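The values are calculated or read from the model by the stated rules, or taken from the named source; none is laboratory data. Computed from a predicted model, the values in this text were never measured in an experiment. A quick note on method: Cβ atoms are made from the backbone with ideal geometry, for glycine too, and the neighbour counts reach across all protein chains shown. Heavy atoms of the whole protein, side chains included, go into the accessibility calculation; ligands, DNA and RNA do not. Shrake-Rupley method; radii C 1.70, N 1.55, O 1.52, S 1.80 Å.
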Amino acid sequence: NMPMRPYEITSVVVLRQTISTEYRIVYCNTSWSVPCRNQYSILVKMAQSYTGWEPLAQVDIERYPDVAAELAIQSIPTILVFHRGKEVPRMVGLQSLENLSKALADILPARVSTHSSDESKTVVQKSNQILRG
């Protein structure tokens, strides 16, 4: 399994195109920050558990300050989640894999998440039974 490379946001125009999709995670960082590096490996690990979907985009706020300004980034690391261009609550500071997975499970629809609970599996099984008749 190839390690995933997040999509690089290099301008405000690219940002707008990137976040106009269904769901997108935008990770704001700098290359020298240790918490950012730690957050990066956690994000990549988490993103690998989503199948058939490449949610991750990143922006280096020092190299692209105009993008940082557009996103109103106050500190790093910051993780933003967009749904069709609208921001859903941002996460500021280093997030553990557990916190991140929990937060994203609440935001992202079950169809893109592989972390479905037993309860939702049961619902799917029941609806499949109904469909089969």
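For the range 80-104, what are the residues that are over 13 Å from Ile19 (Cα atoms) and either buried (at least 20 other Cβ atoms within 10 Å of the Cβ) or touching a residue at least 40 places away in the same chain (Cβ under 8 Å) (or both)? So that I can check it myself, show each step before the final result.
Step one: filter the range 80-104 for residues over 13 Å from Ile19 (Cα atoms), giving 89-104.
Gly93, Leu94, Gln95, Ser96, Leu97, Leu100, Ser101, Leu104, listed by residue number.
Can we say Ala68 is touching a strand residue (DSSP E or B) at 6+ places or on another chain (Cβ under 9 Å) and either open to solvent by less than 40 Å² (accessible area, probe 1.4 Å) or modelled with pLDDT under 95 (or both)?
For Ala68, the condition - touching a strand residue (DSSP E or B) at 6+ places or on another chain (Cβ under 9 Å) and either open to solvent by less than 40 Å² (accessible area, probe 1.4 Å) or modelled with pLDDT under 95 (or both) - is met.
Does the range 96-120 hold any residues that are at pLDDT below 70, over 12 Å from the mean Cα position of the chain (by Cα) and of a type in the set (S, T, N, Q), and which are they?
Listed by number, the residues that qualify are Thr114, Ser116, Ser117, Ser120.
For the range 31-79, name all the residues that are small (Gly, Ala, Ser) and either more than 18 Å from Val92 (Cβ to Cβ) or within 13 Å of the chain's Cα centre (by Cα) (or both).
Matches in the range 31-79: Ser31, Ser41, Ala47, Ser49, Gly52, Ala57.
Take the residues in the range 33-63 that are closer than 14 Å to Tyr7 by Cα and of a type in the set (Phe, Trp, Tyr), then tell me which one is modelled with the lowest pLDDT.
Only one residue fits best here, namely Trp53.
Here's a check for you: in the range 1-32, which residue that is of a type in the set (A, V, I, L, M, F, W, C) and surrounded by fewer than 12 Cβ atoms within 10 Å (Cβ to Cβ) is modelled with the lowest pLDDT?
First, the residues of the range 1-32 that are of a type in the set (A, V, I, L, M, F, W, C): 2, 4, 9, 12-15, 19, 25-26, 28, 32.
Now drop any that are not surrounded by fewer than 12 Cβ atoms within 10 Å (Cβ to Cβ), which leaves 2, 13, 32.
Details: Met2: 50, Val13: 96, Trp32: 93.
Once the filter is applied, the top-ranked residue is Met2.
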